[in-house]
Every structure is written in C-alpha cells, then in structure tokens.
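Working notes, structure below.
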C-alpha cells in the first residue's frame, strides 16, 4: 500500500529532524510535514476503495460458494431420486449423496471461513493504518501547537 510508504517518509522526516535540547521534542520543516499529510489525505480514498472492494469480493465469493453448494446438493438429490428403484444401487446412491453433500458443505464452509478471514485481515490492516495515521497526525498537531 502506498500509504505505508508515505508514513515511512513521515517517520523518517521526524527521526532526522533536529532535536530541541532537554525537551524530547524536535523541530521539523512545517512545509515538508504538511506536504506529506496532504499526500496521505490523497491516498486514503484509494485504501478505502480497496477495503470496499475486498468486502464486495468477499460477499460475491460467499454467494458463489452457497450457489455451488446448493447446486451440488440438488445434483445429489437428483441422483438419489433416479436410483431409488433398485436396492443395491439405492444404497450406493445414498452413500454417494451423503458424501457429496458433506464435501459440498465442507467446501462451502472452508471458502466462507477463508473469505471472512481474508476480508477481516485486510480490513484490520486498513484500520491499523488509519489509526497509525491519525496518531501521527495528532502527535504532529500537538507538537505544532
């Protein structure tokens, strides 16, 4: 993410700035800091769009997984209905149908969990970035006051 690079630049500027003796504070170039903050503001909408896309993609994947699971279940039910007439074939059909349904449910569950974890991970990263950015901005504003 580009915002991380900008934050690293901001951090470098603060770290390389001249310190004020006996205060734990430093002097920074106001224009340089304001320019970096401006860049952050410009890049944040891109990160927000990416988070929205991740959320929508997660929802789409979940819907596809559910449709696939439903189709597999319908296929299994169709196979069971067509094999009911013969005892031995019926027995095998029930076994296969149960296995197909179990596999479909397992696959759907895995896809759903993986998608949720991925989306949560991305949203968590975006949240951390936004919190860090806000903290840096608050610290800088406090120091500028």
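The values are calculated or read from the model by the stated rules, or taken from the named source; none is laboratory data. Remember, predicted model here, so these are calculated numbers, not experimental data. In this analysis, Cβ positions are derived from the backbone assuming ideal geometry, glycine residues included, and neighbour counts consider all displayed protein chains.
Just to be sure before I move on: is residue 41 within 25 Å of the chain's Cα centre (by Cα), within 27 Å of residue 124 (Cα to Cα) and at pLDDT below 85 in the structure I sent?
yes
State which residue is modelled with the lowest pLDDT when the search covers only the stretch 1-22 and only residues that are under 29 Å from residue 127 (Cα atoms) and in a loop (DSSP other than H, G, I, E, B).
It comes out as 1.
Which one of 76, 69, 104, 93 is at pLDDT below 85, part of a helix (DSSP H, G or I) and surrounded by 14 or more Cβ atoms within 10 Å (Cβ to Cβ)?
Within the list 76, 69, 104, 93, the selection yields 93.
Looking at 122, 137, 129, which one is under 30 Å from residue 37 (Cβ atoms) and either under 11 Å from the mean Cα position of the chain (by Cα) or modelled with pLDDT under 90 (or both)?
122
Can you give me the number of residues within the stretch 69-97 that are without any contact (Cβ under 8 Å) to a residue 12 or more places away in the chain and within 34 Å of the chain's Cα centre (by Cα)?
Of the residues in the stretch 69-97, 3 are without any contact (Cβ under 8 Å) to a residue 12 or more places away in the chain and within 34 Å of the chain's Cα centre (by Cα).
Filter the stretch 23-43 down to the residues that are free of Cβ contacts under 8 Å to residues at least 12 places away in the same chain, part of a helix (DSSP H, G or I) and over 17 Å from residue 132 (Cα atoms) and list them by number.
31, 35, listed by residue number.
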